[in-house]
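Written out below as structure tokens is the structure these notes cover.
The values are calculated or read from the model by the stated rules, or taken from the named source; none is laboratory data. Keep in mind it's a predicted model, so treat the numbers as computed, not measured. Heads up, the Cβs are rebuilt from the backbone with ideal geometry, glycines too, and the neighbour counts pull from every protein chain shown.
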Amino acid sequence: MRYHAYVVGLALLLVASVRTASGADTPPSAMVLYVAFPTLDADTPSTVAGRLMVPRSTRRAARKPPAVLILHGSAGVDTRGPLMANALLQVGIATFEIDMWTPRRLRDGVNSVPRRAIEVLPDAFGALKFLSSLPLIDPARIGITGFSLGGAVSMLTASKPLADQYGLPGLRFRAHAALYPVCWAYNSPQRPQYVFKELTGAPVLIQGGDLDTYDEPDSCQKLVESLPDTSRQLVRLKMYPGATHKFDAAEPAHVFQDPAANLGRGGEVRVVPNPAAAEMARDATARFFVEAFGVSQ
């Protein structure tokens, strides 16, 4: 009964997010399944639920569709996930948006969530294992994208040492797209676990705004330039002028405090929706995965 209530509760939350974001319900062109899977955390076993959406048109295709795992930020499931899912579904890519906070009984955003993105790496790799087992999905074409903390997880799963530590042998994400993943934190003495130097070989797309107060305007560029040549060749960076943190959300503008802001010194984070930049970012993400997966248009 508890498991059933968990999945139903997530379904209602995700549907509400879609309506808030676009004024519409789940796209009629998608087959929707609410499912759950075990994480790969052996020390603290947990079950995470999510919404799997598969384009109906792919059921008649000769090849199984690829899929992208969508990870929320510190505030939990909101409008960003459904909006990104819609963009990916339109280009023939299945999506799996999961809720990492409910099984941990976390609902208070940055004040209560895990302070380290690596704590939810078992969730991401558990979702990869689950997606790879589904007959509906091409196991060789599974990617990951996320927002803020979810963007950090998207990047860290591309790190070979962390993929080897938290993932399963031979099971890796094919492509990684991170939105405003707090670029200052990687390979930093303040976050020694955030290793991002030797990569798995999959392409990585980083997108952010030059008004994001977690970073400085050139933090992401400095991170990319600091990488070894073999890794730097795998990473693309796209920055949006005049865009803040969480610029692609449909929720109203707001301000919050976070100890990780201002290069880890703490302070205020300003969020201002930027519809134009948001549309470009979702389009860039969809095109990135189309290229990485070899999706026919």
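Overview of values
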| quantity | calculated |
| --- | --- |
| Criterion violated by residue 61 - all others in (1) closer than 23 Å to residue 175 by Cβ; (2) of a type in the set (A, V, I, L, M); (3) modelled with pLDDT of 85 or more satisfied | (3) |
| Sole residue being β-branched (Val, Ile, Thr), farther than 28 Å from residue 291 by Cβ and either modelled with pLDDT under 95 or not in a helix (DSSP H, G or I) (or both), chosen from 44, 95 | 44 |
| Residue 289 within 29 Å of residue 140 (Cα to Cα) and surrounded by 22 or more Cβ atoms within 10 Å (Cβ to Cβ) | yes |
| Count - residues of the range 47-83 that are assigned to a strand (DSSP E or B), hydroxyl-bearing (Ser, Thr, Tyr) and buried (at least 16 other Cβ atoms within 10 Å of the Cβ) | 0 |
| Options 140, 202; residue that is more than 20 Å from residue 84 (Cβ to Cβ), touching a Lys or Arg at 6+ places or on another chain (Cβ under 8 Å) and part of a loop (DSSP other than H, G, I, E, B) | 140 |
| Filter pass, residue 244 being closer than 18 Å to residue 163 by Cα and among the β-branched types (Val, Ile, Thr) | no |
| Test: residue 141 is modelled with pLDDT under 95 and more than 13 Å from the chain's Cα centre (by Cα) | no |
| Among (1) part of a helix (DSSP H, G or I); (2) in contact (Cβ under 8 Å) with a residue 40 or more places away in the chain, the one test that residue 224 misses | (2) |
| In the range 153-199, the residues that are assigned to a helix (DSSP H, G or I) and crowded, with 19+ Cβ neighbours inside 10 Å | 153, 154, 155, 156, 162, 163, 166, 183, 184, 185 |
| Residue in the range 239-250 that is at pLDDT 95 or above and assigned to a strand (DSSP E or B) present | yes |
| Any hit, the range 192-210, residues being hydrophobic (A, V, I, L, M, F, W, C) and more than 19 Å from residue 173 (Cβ to Cβ) | no |
